[in-house]
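All remarks here apply to the structure that follows.
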Amino acid sequence: MAIISAEHSDQLYWLGRYSERVYTTLKIFEDHFDSMIDLKTEEYEDFCRKQDIPNIYTSKDDFSRRYCFDEENPNSIYSNLMRAYDNAIVLREEIGSETLAYIQLAVYAMNRAKTSDAPLIQLQRVRDNIVAFWGIVDDSIDSESIRSIIKFGKRLERIDLYSRMRMESAEIRREMNRFNFRINRTGLRYNKRKLAHLNYLVEVNALDYETIIRELETLFELEEDK
Amino acid sequence: METERLFGYSDTVNELLARYGVKFGIYKNNVFKEQLFPFDMIPRVIEKQEFAFLEKGLKQRVLALNEFIKDIYGDKKIVRDGIVPEEFIYAGSGYLAQCEGVMPPKGIYSHISGIDLVQGKDKQWYILEDNLRIPSGASYPMIARELCRRSTPITFEKNAIEDNRNYAKLLRRTMDHVNTGGHTVILSPGRYNAAYFEHSYLAEKTGAHLVTGSELVVENDHLYFIDYSGKKEPVGAVYRRISDEYLDPMNFNEESVIGIPHIYDIYRKGNVALLNAPGNGVADDKGIYYFVPKMIQYYLGEEAVLQNAPTYLPYYKEDMDYVLEHFDSLVLKDVAEAGGYGIVFGNKLTREEKEHFLALLKEQPRRFIAQEVIDFLDIDIYENGEVTPRKADLRAFVLMADEPMVWKSGLTRFSRNPDSFIVNSSQGGGFKDTWVMAE
C-alpha cells in the first residue's frame, strides 16, 4: 500500500475536485452558450446565481470570454483548470507521468482555445483530455487509496455542482450512490453523521439543495474536533 | 552512424516532451515561469573506447574528491602537507564548520556527482567543473531517449547504443547502499524550484517518495514521514535537492522554512543518510578545481587521466602576472557564481569595464580563476531544417554505491546562440541525448 502524506492526500482530493469542476462547468457552459445564441441574454446571470459566483460580466459576450478564459478571474474555467494542474504537477510520483500528461494536454488545449476564433470547438479538447485523465486514473494507478481519493473529490464536486444547478433528484441520487461507494476506500476521516444525513437528504422528494451543499462542505468536520 | 532518420521526428519528440511536462522553472522579474527545455534530435555520439577512457578518468576524479572531503572534515592532511592552501578551504562558501568530524554513512560524501566536460577541436576532453552539491540534468536525456525510441525504433535497432534508461536503477542502488533503515525519499523545495520536473520524475522512476520539508519530522533521534492517517513511517535515506544552508534551520540558516529541524543532528549520529552529504561544496568550489589533479596524485598516487582546462589562480603571484599579461585571451570566473553567471571573457570588455575588473581582481584575487578559452569542438544541431554547428558541453554523472558507477550517457547542453559559449538552460540553452556506443 502506498504511503501518502496529508499534504498529498489533500492535493489528490483537490485534483479530483478541480478536474470535475472544469469538466462539468464546461458542459453546463456549453448548454448555456447554446441558449444564448438565441438571444436569451439573461441566461448567464442565472448561471452565475446558481453557481454562487459574482456576476462581474457586462454582457453575454463578456461572460463567454471571461468566464472561460480570464486568468485573473478565480471563478473562470481557466483558473479552475490551472488549480487542477497545480495539484497534479506535484503528484507525478503518485499518479505517474502518463496520467499527469492528460492534465498538461488539457492546459495546452485551453490555451489554444483562448486564442482560437472557434473556442467552443477547442474547448471540446479540454473536456476530452479530462475524460481521458479519469480513464487513465482507473487504468494505471495501482494504489486503491490514491485512486479513490481522486475519485472521491470528483464525486463530491459533482454533487455540489449538480445541487447548485438544481438538477433532478434522480441525477443527484445516482451520484450519491457512487460517492458512498468511493468514500470508504479513501482511508480519509469524515463525519459519519453528516454522511448519513446527506444520504437522507437525497432520498426525499423535494430536495433541500442548500442543506446538501452545506453538509458536503462540512463533511470533514469531525465531532471530536469541536 | 544513422542519425539523419531522426531529423523528421524533431517536432514530434519536442511535442511529446511538452506533453510530459519536461520543463524547467525560471524567475524573470520575480515572476515564476515554466519553460520547455528545447531538445535537439542529433545526439552527441561517444564511441565505446573513448567512453571507457572517460569512465576511467571520471571514477578516478570522484574517488579523489571524496577522499578530499573526508580529509578536510577530518585530519586535513592535504592542508598540513601544503598541497592545498588553507585560504582555499576556509574562505570558500562551500566549507561548513558544522561538518567537522562528521562521517556520513559508509564514508560516502559525493553520491551523485555531475562533472562538466568539453571537447576541444583537438578531440581532447577537458574537465570544466565538478558539481558535487545537487547536480541536476540526468532526467532530461532519460525521458528524451524514451521518446526517441518510440518515435524511430529502427534507429535504435540499427545502432548499438547503451540504454541510458537505467539511471533510475543506478540512483536507487546508490540510495539503498547508504540507507540506514526505512523509506527512501527525495526532498524537494517544491514545485517552484527550477529542477522540479527532475525531482518528480526521478521519484517516479526510482520509486522513492517525493516530499517537502513539512512532510518529515525528527523524533527520538530518527526521521519519520507522516502519512495522512497520522502514522509515522521511518526514513533511512534522503536524496535532498535543497542546498545545505536550507536543510536544517536548527543547524544552518535559521530562516529556512523548507528544511527539517534537527535532521542534521540525527545525520551526525548516523541515523539517516543524506545524499549528497552536507559540506560537499568545499570540493566543488571553482578555486579548488585547480587542485584536483594534485589531489588525485596525493590520495590515489596516480596521474590524472582527465585534464583540467588550463587554469590560473591569481592568488599566486606568477599566475596573477600571467593573467594580467594575457588578460584578453582568457576567461575569468567568479568562484562564488554558478549557472553560467559570473563569467567574463577578457576580450569582450570595454576599456572601462576592463579597468574596473582588473581593480577588483587585484583587490580580491582569491575570488577569481582564469582559464584559457578552449576552442570547443562544435557539434551539430538541427534547426529550421538545417544542420548547423554550436558550442556544447557534456555533464557526465558518476554515482557512488559500493563502487563508483559512471552512467553511460550524460546531458549534452548546447548554446542556441551561434556566438555564445554559454550552454546553461537558464540562459536559453538546449539539450541533446548522449549516445554511448555499445560496440
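Bear in mind these aren't lab numbers, they're just calculated from the coordinates by the rules spelled out. Quick caveat: nothing in here was measured; it's all calculated off a predicted structure. Positions of Cβ are backbone-derived with ideal geometry, glycine not excepted, and every protein chain shown enters the neighbour counts.
Can you work out D for the range B:391-439 in µm² s⁻¹ from Stokes-Einstein, where Rh is the Kirkwood radius over C-alpha pairs, the temperature is 4 °C and the viscosity is 1.567 mPa s?
107 µm²/s
Take the cross-link list B:Lys56/B:Lys348; B:Lys70/B:Lys333; B:Lys76/B:Lys286; B:Lys56/B:Lys106; B:Lys76/B:Lys106 and give me the ones stretching past 29 Å between alpha-carbons.
Going by Cα-Cα distance, B:Lys56/B:Lys348 fall outside the 29 Å limit.
What percent of all Cα-Cα pairs in the range B:39-147 falls in each 10 Å bin, counting up from 0?
So the P(r) values, bin by bin, are 11, 34, 32, 17, 6, 0.
Would you compute, for the Cα atoms of chain B, the largest minus smallest coordinate along each principal axis and list the three values in descending order, in whole Å?
Taking max minus min along each principal axis of the Cα atoms, chain B gives 60, 57, 47 Å.
With the crude spin-label approximation of a point 7 Å out along Cα→Cβ, what separation in nm comes out for B:Asp321 versus B:Val373?
For B:Asp321 paired with B:Val373, the spin-label model returns 2.6 nm.
Please quote Rg/Rh for the range B:310-372 to two decimal places, taking the Kirkwood radius as Rh and restricting both calculations to Cα atoms.
When Rh is taken as the Kirkwood radius, the ratio is 0.92.
List the GluC sites (Glu not before Pro) within the range A:133-226 that fall in a DSSP loop (any state other than H, G, I, E or B) and whose Cβ has at most 16 other Cβ atoms within 10 Å.
Those that pass, being in a loop and sparsely packed, are A:Glu168, A:Glu221.
Just to confirm my numbers, what's the Cα centroid distance between the range A:100-137 and the range B:1-67 in Å?
Centre-to-centre (Cα) distance: 29 Å.
Binning every alpha carbon pair distance of the range B:239-295 at 5 Å from zero, what are the percents per bin?
Bins of 5 Å from zero give 4, 19, 23, 20, 13, 11, 8, 2 percent of pairs.
Debye calculation, C-alpha points only, no solvent: report log10 I(q)/I(0) for the range B:286-408 at q = 0.12, 0.14, 0.19 Å⁻¹, in the same order as the q values.
After summing over all Cα pairs, the log10 values are -0.62, -0.79, -1.15.
For the protein assembly as shown, give the share of DSSP beta bridges that are antiparallel, in percent and rounded to the nearest 5; count only bridges with both residues there.
75 percent
What ranking do A:Thr99, B:Thr350 get, fewest neighbouring Cβ atoms within 10 angstrom at the top?
B:Thr350, A:Thr99
Within straight cross-link reach of B:Lys121, meaning Cα distance under 18 Å, which lysines are found once same-chain residues fewer than 8 apart are removed?
B:Lys391
Just report the Cα centroid separation between the range B:257-283 and the range B:362-439, whole Å.
Using only Cα atoms to place each centre, the spacing works out to 30 Å.
Excluding B:Gly410 itself, calculate the net charge of residues whose Cβ lies under 15 Å from the Cβ of B:Gly410, where each Lys or Arg counts +1 and each Asp or Glu counts -1.
Residues close to B:Gly410 contribute a combined charge of -2.
What order, most packed first, do the peptides B:197-210, B:79-92 have when packing is the mean number of other Cβ atoms within 10 Å of each residue?
B:197-210, B:79-92
Assign unit charges at the C-beta atoms only (+1 for Lys and Arg, -1 for Asp and Glu), then state the dipole size of the range B:1-149 relative to its Cα centre in Debye, rounded to the nearest 20.
Dipole size: approximately 280 debye.
Rank these for me by crowding, B:Met437, B:Met400, going from fewest to most other beta carbons within 10 Å.
Least crowded to most crowded, the residues run B:Met437, B:Met400.
Distance from the Cα centre of the range A:32-79 to that of the range B:142-169, in angstrom?
Using only Cα atoms, the two centres lie 48 Å from each other.
Which one, A:Ala106, A:Asn87, A:Ser116, is farthest towards the positive end of the dipole of the range A:86-152 when Lys and Arg carry +1 and Asp and Glu -1 on their Cβ?
A:Ser116
I need B:Glu219, A:Glu20, B:Glu146 ordered by Cβ neighbour count within 10 Å, fewest first.
By the 10 Å Cβ count, ascending: B:Glu219, B:Glu146, A:Glu20.
Which net charge results for the neighbourhood of A:Val131, defined as the other residues with beta-carbon distances under 12 angstrom from its beta-carbon, given Lys and Arg at +1 and Asp and Glu at -1?
That works out to +1.
Please list, or write none, the lysines whose alpha carbon is within less than 20 Å of the alpha carbon of A:Lys114, excluding same-chain residues fewer than 8 places away.
In chain and number order, the partners are A:Lys27, A:Lys60, B:Lys33.
Just name one of A:Ile3, A:Thr25, A:Phe47: the one whose Cα is farthest towards the positive end of the charge dipole of the range A:1-50 (beta-carbon charges, Lys/Arg +1, Asp/Glu -1).
The listed residue farthest towards the positive side: A:Ile3.
Please give the charge dipole size of the protein assembly as shown, origin at the Cα centre, charges +1 on K and R Cβ atoms and -1 on D and E Cβ atoms. Round to the nearest 20 debye.
Dipole about the Cα centre, nearest 20: 1160 debye.
Quote to one decimal, in nm, the extra length available between A:Asp208 and A:Asn55 on full extension: 0.36 nm per residue of separation minus the C-alpha distance between them.
52.7 nm
Percent antiparallel among DSSP beta bridges with both residues in chain B, to the nearest 5?
Restricted to chain B, the bridges split so that about 75 percent are antiparallel.
At a Förster radius of 30 Å, what calculated FRET efficiency corresponds to the Cβ-Cβ distance of B:Asp176 and B:Glu303, to the nearest 0.05?
0.30
Mind putting a number on the dipole of the range A:6-225 about its Cα centre? Charges go on the C-beta only, +1 for Lys and Arg and -1 for Asp and Glu, and I need it in Debye to the nearest 20.
It works out to roughly 400 debye.
Per 10 Å bin, what percent of the C-alpha pairs of the range A:6-225 does each bin hold, from zero upward?
8, 32, 35, 21, 4, 0
Taking only the Cα atoms of the protein assembly as shown, how large is their convex hull per residue, in Å³?
In the protein assembly as shown, the Cα hull volume divided by residue count equals 186 Å³.
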